[in-house]
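The values are calculated or read from the model by the stated rules, or taken from the named source; none is laboratory data. Just so it is clear, the model here is predicted, and its values are computed rather than measured. Here the Cβ positions follow ideal geometry from the backbone for every residue, glycine too, while neighbour counts run over all protein chains shown. These area figures cover heavy atoms from the full protein model, side chains too; ligands, DNA and RNA do not enter into them. Shrake-Rupley method; radii C 1.70, N 1.55, O 1.52, S 1.80 Å.
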Amino acid sequence: MITGYEPILQNVTKHIPLSEAEQLFFCSLLQERQFHKKEYLLREGSICNQLAFIVSGCVKSYLPDRKGNEHILTIAIADWWVADYQSLVFDTPSELFIEAVEPTTVLLLTKEKREMLFSRIPRFEQYFRILTERAFAVSQQRITDILSLPAVERYEQFLRRYHRIAGAFSQQQIASFIGVTPAFFSRMLKSKRHS
């Protein structure tokens, strides 16, 4: 494997085989970027024209409401891809912010370079289809959980899934992600401590 690109190549080769020449070509299309905590990968109103593979760190994507509250849609940790797919696919201004929760290193693949990749190595279309299907399934499960599970169980799932980075999120952010108000979340934590 190509030094410095092991995480992304391991992710890709779990799903599709690549020759060394194909690995080299793929890596030549990527741009490494570092983001500080609270730095934006994407701002509302910008057009998302790239996908970001998280090498290390963590990002959140969120939608601000009219009162300035954030509604967290996605938390992406190492070995995940993140983008505003609606903006990426339709070339429309993003309604989301994507922000680093902690210092984060990503590998960026622009939409244009992804098309070059598909033309040169068509198997990558299969790779991104697999990722899209899995992301859709995770998103659907999250919606199902919000509609069917009690808040305390959603919180416990959050802690299990994101145990390494849970401390990087405020109570308000966790409340947003599990789909409850901050006031309800605070009452739930008090009740949990006293039980």
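Things to note:
- Of the residues in the range 15-24, not one is modelled with pLDDT of 95 or more, within 19 Å of VAL106 (Cβ to Cβ) and among the charged types (D, E, K, R).
- Residues that are without any contact (Cβ under 8 Å) to a residue 12 or more places away in the chain, in contact with a helix residue (DSSP H, G or I) (Cβ under 6 Å, 6 or more places away or on another chain) and farther than 16 Å from ARG43 by Cβ occur in the range 112-125; there is at least one.
- Strands (runs of 3 or more DSSP E) completely within the range 44-108 that count 2 or more residues being open to solvent by 10 Å² or more (accessible area, probe 1.4 Å), over 22 Å from GLU133 (Cβ atoms) and at pLDDT below 95: 58-64, 70-77
- Leading residue by the ranking (surrounded by the most Cβ atoms within 10 Å (Cβ to Cβ)) among those in the range 1-33 that are over 14 Å from PHE124 (Cα atoms) and among the charged types (D, E, K, R): ARG33
- Residue within the range 172-184 that is within 22 Å of PRO7 (Cα to Cα), free of Cβ contacts under 8 Å to residues at least 40 places away in the same chain and more than 15 Å from the chain's Cα centre (by Cα) present: no
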